[in-house]
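Any read-out appearing in this document is the output of simple, stated calculations on the displayed coordinates, not a laboratory observation. Here the structure is a predicted model, which is why all the values come from computation and not from measurement. Heads up, the Cβs are rebuilt from the backbone with ideal geometry, glycines too, and the neighbour counts pull from every protein chain shown.
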Amino acid sequence: MQKLLGKEGYSVVTAEDGVEGLERYAEWRAPFIVVDLMMAEMDDFQ
């Protein structure tokens with residue numbers, strides 16, 4: 001997904017787990033987010 005979106009010209013920011021993902025979102029305020037249902041530390045429902 002990262003490579004595909006990057007090739008289309010999107011800036012891609014990744015995170016290893018849900019906690020890091022929230023930190024990245026607070027920093028970047030992305031217009032959309034792609035998440036994994038089974039992330040470590042927290043899932044996308046949290």
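Near Thr14, once Lys and Arg are set to +1 and Asp and Glu to -1 for all other residues with Cβ below 10 Å from its Cβ, the sum equals -1. Computing P(r) over Cα pairs in 10 Å bins from 0, in percent for the structure here picks out one of [x] 22, 53, 21, 4; [y] 26, 55, 19, 0; [z] 25, 42, 22, 10, 1, namely [y]. When the charge dipole of the chain is built from unit charges on Cβ atoms (+1 for Lys and Arg, -1 for Asp and Glu) and taken about the Cα centre, the candidate among Trp28, Tyr10, Ala40 whose Cα reaches farthest toward its positive end is Tyr10. Shown in residue order for the stretch 12-17 are the 3J(HN,Hα) couplings computed by the Karplus curve 6.51 cos²θ - 1.76 cosθ + 1.60 at θ = phi - 60°: 10, 10, 10, 9, 7, 8 Hz (x for Gly and Pro).
By the helix-only formula, in which each DSSP H run with n ≥ 4 contributes -39500 (n - 2.57) and the sum is divided by residues, the chain has a 222 nm mean residue ellipticity of -10000 deg cm²/dmol. Between Ala26 and Tyr10, the modelled labels are 2.4 nm apart [label points 7 Å from Cα along Cα→Cβ]. Each Cα pair under 8 Å and six or more residues apart adds its sequence gap; the mean of these over the residue count of the chain is a relative contact order of 33 percent. Its Cα centre serving as origin, the chain has a Cβ charge dipole (Lys and Arg +1, Asp and Glu -1) of approximately 360 debye.
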